[in-house]
Amino acid sequence: MSKIIAIASSEFKRLFNSPLAWSVLAILMFILALMFLMFIDEFVQVVQPQTATMENPPGVTDLIVSPLYLWTGIFMLAVMPILTMRLFAEERMNKTLTLLISSPLTSTQIVLGKFFGLLLFIVLVVALVSLMPISLTLGTELDWGKIASSAFGLFLLLSSFAAAGLFLSSLSSQPIIAAVSTFGLLLFLVVLYLSGSSQSNSSELFVYLSHFSHFLPFIEGVVDTSDLVYYILFIVGFLILAIRKLDNDRLNG
Amino acid sequence: MSSTKSSKELVRATGLNRVYGNHHAVINVDLVLRKGEVLGLLGPNGAGKSTTMQMLTGNISPTSGEIKINGIDLLDNPQQAKASIGYLPEQPPVYRDMTALEYLSYCAALRDIPKQIRRQAIQTALQRCSLEEVANKLIGNLSKGFQQRVGIAQAILHKPEVVILDEPTVGLDPIQINEIRDLIRELGNDHSVILSTHILPEVQAVCDRVQIINQGETVFSDTFEKLAQRQIAPVLIAGFETDVAQKVVIGTLQKLAGIASIKKLESVQSSQRFEIKFSNKLNAPAVANLANEHGWQLNELTPKSETLEQIFMNLIHGEKNIGSQQQVAAVSNKEEASNV
């Protein structure tokens, strides 16, 4: 366990040794902040006057906070592959993976260490994004339950991205290939959702398979165990595949 | 198993094979490393040295064969076995965006070094590899020689019984090469070392024993003295000053017992020179006597000794040359046949 922590903390620190994590966070925050402003502006200028007379109007949380988390998830489709490609593909390219392989570690320890390192970063992203809605407490009442479930849902969604990316990264020794294939897979799952929920060809199976369909209930404030189980299966499945791949490398590499 | 401490076998690999698709990279290689020994793995590029080392360090599994590190089977108990190995691959596995100190602390955590002695261990490794001055610099900004040393520091950090270094001096300048060799010699005092290289003098400079690998197979494995004794054939260079025609001299020489072949060399001044190859034992007195009998003035009589380099080349190219000679013979036979 101590080795897993050592790998995780080193991975997390190394993210910030390069400009990568800083620029990713900066750009992500900049764009999300712009959108956040836009949502607020629209709410204040358009929505509020219209709904002022309604009995049970949709609140700030529904109209500003939920879309913010949704958009974070969408942006991270493009960002996560860049973070996951480093995990194995870049190490292979730089021949540094040998250090981990020849140290007294199991493949499970290596994979979990790297995954947890990325989870730390995901927690940071979710925390930073959550700061924006929290800042609204200065002027209004918020639905804290909904914010908590959205944040938790975002964390699960991003973790599933990370697990898929980690596996695809373990397949390749070219970071770019790892990133592109991860992006492709993540986007494919989104397309599954879109096609599954389209009016002409709706398919419940497609909707179920897509990671976004399980994220949306969280944004609505619904924490459903079946969604939770989906993410856990998704993450554990890809991590096991990555562990098998690393073990297999010694035989075929 | 011998009971003496000095001959304790730390690494024992038997019948290692590694096949990549159609390519048989390592064929039936056996390797033994005893305590306190520096073993040199010598061979041309692509001979299978790196593959052998990757197998010994558990980076790849052998297609068949068994590896025991310190008595522990590497394939059955990889974690335990790897704990007693320090490995420097061809390219040092260093993270360019970390400082040497950060990097070594990370390695220490990976190698189960207890927290209390971790700092001490890192300091020792830094000191042994003369890295104290650059400990807080980013590895990416260090020169190749220093990066190599960080790689070595990583390999000896946990005081492993076996240190495996894959071409540790490649790409370094002569001064750095000397420094690294000194370091390896020093490591030999309290670690057992396996070192791979394609440079013979390097093995001569630091190793107790040499194992020569060519095209995946062991062609020689013993000490240097034994290597030096492996002269392919005893050869004598002789020079005579005489009026007798060369052909006659050669004819006379050929009558001597135990002569395999005689080759005419370029004459120096008026001296006729020959390379006389004996079939098993060098017999200089016989040649001298012969010269005396026929009244040739003996100007030169030197046994042609092969340098280790030549022996090495012979070992590596031996089979190949025999093969090509046979081919040539076959071709000329064909030509003759067609001429008839």
Cα-based reach from B:Lys304 at 15 Å (exclusive), listing aspartates and glutamates while leaving out same-chain residues under 8 positions away: B:Glu275
Student exercise, region B:235-304 dipole from Lys, Arg, Asp, Glu Cβ charges, in Debye to nearest 20: 340 debye
How much net charge surrounds A:Leu156 when only the other residues with a Cβ under 15 Å from the Cβ of A:Leu156 are counted, with Lys and Arg +1 and Asp and Glu -1? -3
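Are there any helices in chain B, counted as whole DSSP H runs, that stretch 24 Å or more along their axis by Cα and score at least -1.0 on average by Kyte-Doolittle, and if so which?
B:174-190, B:308-339
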Find the relative contact order for chain A and round it to a whole percent, using C-alpha pairs within less than 8 Å whose residues are 6+ positions apart. 26 percent
Residues other than B:Gly295 with Cβ under 14 Å of its Cβ, Lys/Arg counted +1 and Asp/Glu -1, net out at -3
From the gyration tensor of the Cα coordinates in region B:11-142, what semi-axes in whole Å does the equivalent ellipsoid have, largest first, with each one equal to sqrt(5λ)? 31, 18, 14
Hey, how many Å between the Cα centroid of region B:105-145 and the Cα centroid of region A:184-253? 42 Å
On the first, second and third principal axes, largest extent first, how far apart are the outermost C-alpha atoms of region A:20-61 in Å? 48, 17, 5
Relative contact order of region B:6-229, defined on C-alpha pairs under 8 angstrom at six or more residues apart (%): 29 percent
Divide the volume of the convex hull of the Cα atoms of region B:235-304 by its number of residues and quote the answer in cubic angstrom per residue. 74 Å³
Leaving out same-chain residues fewer than 8 places away, which aspartates and glutamates sit with a Cα under 17 Å from that of A:Lys146? A:Asp62, A:Glu220, A:Asp224, A:Asp227
With only alpha-carbon pairs counted, each pair once and no self-pairs, how large is the Kirkwood hydrodynamic radius of chain A in angstroms? 19.4 Å
Test of understanding: in a Gaussian network model of chain A with alpha carbons linked when under 10 Å, which of A:Leu68, A:Leu233, A:Leu156 would top the mean-square fluctuation ranking? A:Leu233
Alpha-carbon centroid distance for the pair region B:165-187 / region A:83-155, whole angstrom: 41 Å
Over all distinct alpha-carbon pairs, what is the Kirkwood Rh of region B:30-97 in angstrom? 13.4 Å
Sorted largest first, the Cα spans of region A:161-253 on the principal axes come out in Å as 46, 28, 19
For B:Lys304, the residues 5 or more places away or on another chain with a placed amide H closer than 5 Å to its own amide H are B:Val235, B:Leu236, B:Ile237
Dipole size in debye (nearest 20) for region B:1-96 around its Cα centre, Lys and Arg Cβ +1, Asp and Glu Cβ -1? 240 debye
Would you mind computing the Rg to Rh ratio of region B:109-184 from its alpha-carbon coordinates, Kirkwood style for Rh? 0.96
Taking a quarter of the surface of the Cα convex hull of region A:7-126, what do you get in nm²? 9.1 nm²
Placing unit charges on C-beta atoms (Lys and Arg positive, Asp and Glu negative, everything else neutral), compute the dipole magnitude of chain A about its Cα centre in debye, rounded to 20. 1320 debye
At A:Ser200 and B:Glu225, where each label point lies 7 Å from the Cα along Cα→Cβ, what is the point-to-point distance in nanometres? 8.8 nm
Taking 20 °C and 1.002 mPa s as the conditions, I'd like the Stokes-Einstein D for the protein assembly as shown in µm²/s, using the Kirkwood hydrodynamic radius from alpha carbon pairs. 73 µm²/s
Angle check, please: helix A:66-84 long axis (alpha carbons) against the longest principal axis of chain A (alpha carbons), in degrees 0 to 90, nearest 10. 20 degrees
For B:Asn280 and B:His23 in the same chain, what is the full-extension length gain: residue separation times 0.36 nm, less their Cα-Cα distance, in nm? 88.7 nm
Assuming a viscosity of 0.692 mPa s and a temperature of 37 °C, what translational diffusion coefficient in µm² per second does Stokes-Einstein assign to region B:6-229, Rh being the Kirkwood radius over Cα pairs? 186 µm²/s
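Since every read-out is calculated from the coordinates, none of them should be taken as a lab result. Quick caveat: nothing in here was measured; it's all calculated off a predicted structure. Every residue, glycine among them, receives a Cβ derived from its backbone with ideal geometry; neighbour counts consider all protein chains shown.
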